[in-house]
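These notes are about the structure you will find just below.
The values are calculated or read from the model by the stated rules, or taken from the named source; none is laboratory data. Everything quoted here is computed from the prediction, not taken from an experiment. Cβ atoms come from the backbone with ideal geometry, glycine included; neighbour counts cover every protein chain shown.
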Amino acid sequence: MTKVAPIDQRKADHIKINLEQDVRSALTSGLEKYHFIHEALPELDLNRLNTSLNLFGKQLASPTLVSSMTGGTSEAETINLRLAEAAQECNIAMGVGSQRAAIEHPEQAKTFQVRRVAPDILLFANIGAVQFNYGYGVDQCRKAVDMIQADALYLHLNPLQEAVQDAGDTNWIGIAKKIEEVCKKLEVPVIAKEVGWGISERTAKILADCGVQAIDVAGAGGTSWSQVEMHRAPDEFTRQLAATFVGWGIPTAESILNVKKGAPEMTIFASGGIKDGLDIAKSVALGATLGGMAGQFLKAAAVSTEKAVDMMKLTKRQIEVTMFATGAGSLDELRQGKLAVK
């Protein structure tokens, strides 16, 4: 039987592979199928546009999210602190990576604890939903939230990643009922999040019925975690199994529309293959509240906090210029018929 790598080793592998290997999905986000209608007479002042929004009681400067990435190793701690410091300066939202490592090994909690550099940001804790079938419950969710003083909790959904992983957690029976129980008992909002294969209309409806307050679609088109698992597979069988699914998933744009149909009142976060502020603006125009990026911010934070700040400022300006050139003075106006299908 293959020896399973400890969680901290897995986290270190994930960072290294994401920085060094091509782990993109064979699919695209679907956002390239849309374009904004250009207005040559916008009747706006670029420097007076309003990209701000209020979410879960926090005011954000722009609809940008630092998507959940990492934690559990010293390198991950450095990256998380740089990302959080930059998010604090730019006043945007951030999620941390799965906190299971720190719940099982409390000495690793500090690798996720970013409030010391980011006291004001909208911050999301993170637990894998499948762990509810492996001994986790509301208590562990509370631990994750309290550990980092989070404003809300991500429950990530990654069945395909678990299925192609060596000794993954593949019993998903009854998870919806357990998500519902957490939604009822937890004191902060619960957000359901895929990790890169998108959300169907059916899943959106089930999650809405469970009581989640937002869905991060994390559609296909960006990082493919089956490709990540392929690069860290311990044997050829597992490598080939993971490689099979490079083109799997529901693209991000389609996932946003699926949630709008399956759960019309749901708050939507868009992530998965989002490259820049233009893609975030397209996601907002399709119905999302936030647009999340991971890879670009990870690569910037691997260099320095300043690089991460530069990337976040560029992203915000890209959103502003998009709004300006399409005649939208606010995010609400951006949602009003500004997009066309190519």
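Residues being of a type in the set (A, V, I, L, M) and over 11 Å from residue 150 (Cα atoms): count how many of those fall in the stretch 94-117.
Step one: list which residues in the stretch 94-117 are of a type in the set (A, V, I, L, M), which gives 94, 96, 101-103, 109, 114, 117.
Of the ones still in play, those that are also over 11 Å from residue 150 (Cα atoms) are 101-103, 109, 117.
The qualifying residues number 5.
Mind checking which residues of the stretch 238-271 are out of contact with any Asp or Glu (no Cβ under 7 Å at 6 or more places or on another chain), farther than 20 Å from residue 190 by Cβ, crowded, with 24+ Cβ neighbours inside 10 Å and small (Gly, Ala, Ser)?
249, 253
Just the residues that are part of a loop (DSSP other than H, G, I, E, B), of a type outside the set (Ser, Thr, Tyr) and in contact (Cβ under 8 Å) with a residue 12 or more places away in the chain, please, taken from the stretch 292-327. Break it down stepwise before answering.
Initial filter on the stretch 292-327 (part of a loop (DSSP other than H, G, I, E, B)): 294, 302-304, 326-327.
Going one step further and asking which of them are of a type outside the set (Ser, Thr, Tyr), we end up with 294, 302-303, 327.
294, 302, 327, listed by residue number.
Here is a list: 245, 269. Which entry is within 16 Å of the chain's Cα centre (by Cα), within 20 Å of residue 159 (Cα to Cα) and of a type in the set (A, V, I, L, M, F, W, C)? Even if it seems obvious, please write down each step before you answer.
Values: 245 fails: within 16 Å of the chain's Cα centre (by Cα).
The unique qualifying residue is 269.
Please verify whether the stretch 55-69 includes one or more residues that are small (Gly, Ala, Ser), in a strand (DSSP E or B) and within 17 Å of the chain's Cα centre (by Cα).
Our first condition is that a residue be small (Gly, Ala, Ser); within the stretch 55-69, this holds for 57, 61-62, 67-68.
Filter once more, keeping what is in a strand (DSSP E or B): none.
Within the stretch 55-69, none of the residues are small (Gly, Ala, Ser), in a strand (DSSP E or B) and within 17 Å of the chain's Cα centre (by Cα).
In the stretch 116-141, which residues are farther than 21 Å from residue 69 by Cα, loosely packed, with under 13 Cβ neighbours inside 10 Å and not hydroxyl-bearing (Ser, Thr, Tyr)?
Correct list: 135, 139.
Please determine whether any residue of the stretch 123-137 is within 24 Å of residue 204 (Cβ to Cβ), out of contact with any Cys (no Cβ under 9 Å at 6 or more places or on another chain) and of a type in the set (A, V, I, L, M).
Yes.
I need a count of the residues in the stretch 188-238 that are without any contact (Cβ under 8 Å) to a residue 40 or more places away in the chain and within 10 Å of residue 263 (Cβ to Cβ).
Count: 2.
What number of residues within the stretch 286-317 satisfy the criterion of being over 15 Å from the mean Cα position of the chain (by Cα), surrounded by 18 or more Cβ atoms within 10 Å (Cβ to Cβ) and over 16 Å from residue 251 (Cβ atoms)?
Step one: filter the stretch 286-317 for residues over 15 Å from the mean Cα position of the chain (by Cα), giving 286-287, 299-317.
Those still in the list that are surrounded by 18 or more Cβ atoms within 10 Å (Cβ to Cβ) too: 286, 300-301, 305, 308-309, 311-312, 315-316.
Filter again for over 16 Å from residue 251 (Cβ atoms), leaving 300-301, 305, 308-309, 311-312, 315-316.
Qualifying residue count for the region: 9.
Please find, within the stretch 89-113, the residue that is farthest from residue 298 (Cα to Cα) out of those that are part of a loop (DSSP other than H, G, I, E, B) and out of contact with any Leu (no Cβ under 7 Å at 6 or more places or on another chain). Step through it out loud before you land on a result.
To start, the set of residues in the stretch 89-113 that are part of a loop (DSSP other than H, G, I, E, B) comprises 91-92, 96-99, 105, 112-113.
Those still in the list that are out of contact with any Leu (no Cβ under 7 Å at 6 or more places or on another chain) too: 96-99, 105, 112-113.
Values: 96: 12, 97: 12, 98: 15, 99: 18, 105: 24, 112: 15, 113: 17 Å.
This residue is 105.
Considering every residue within the stretch 32-43, establish whether at least one is free of Cβ contacts under 8 Å to residues at least 60 places away in the same chain, more than 19 Å from the chain's Cα centre (by Cα) and farther than 20 Å from residue 329 by Cβ.
Scanning the stretch 32-43 turns up no residue that is free of Cβ contacts under 8 Å to residues at least 60 places away in the same chain, more than 19 Å from the chain's Cα centre (by Cα) and farther than 20 Å from residue 329 by Cβ.
Specify the residue that is surrounded by the fewest Cβ atoms within 10 Å (Cβ to Cβ); the eligible residues are those in the stretch 28-76 that are at pLDDT below 95 and not hydroxyl-bearing (Ser, Thr, Tyr).
It comes out as 75.
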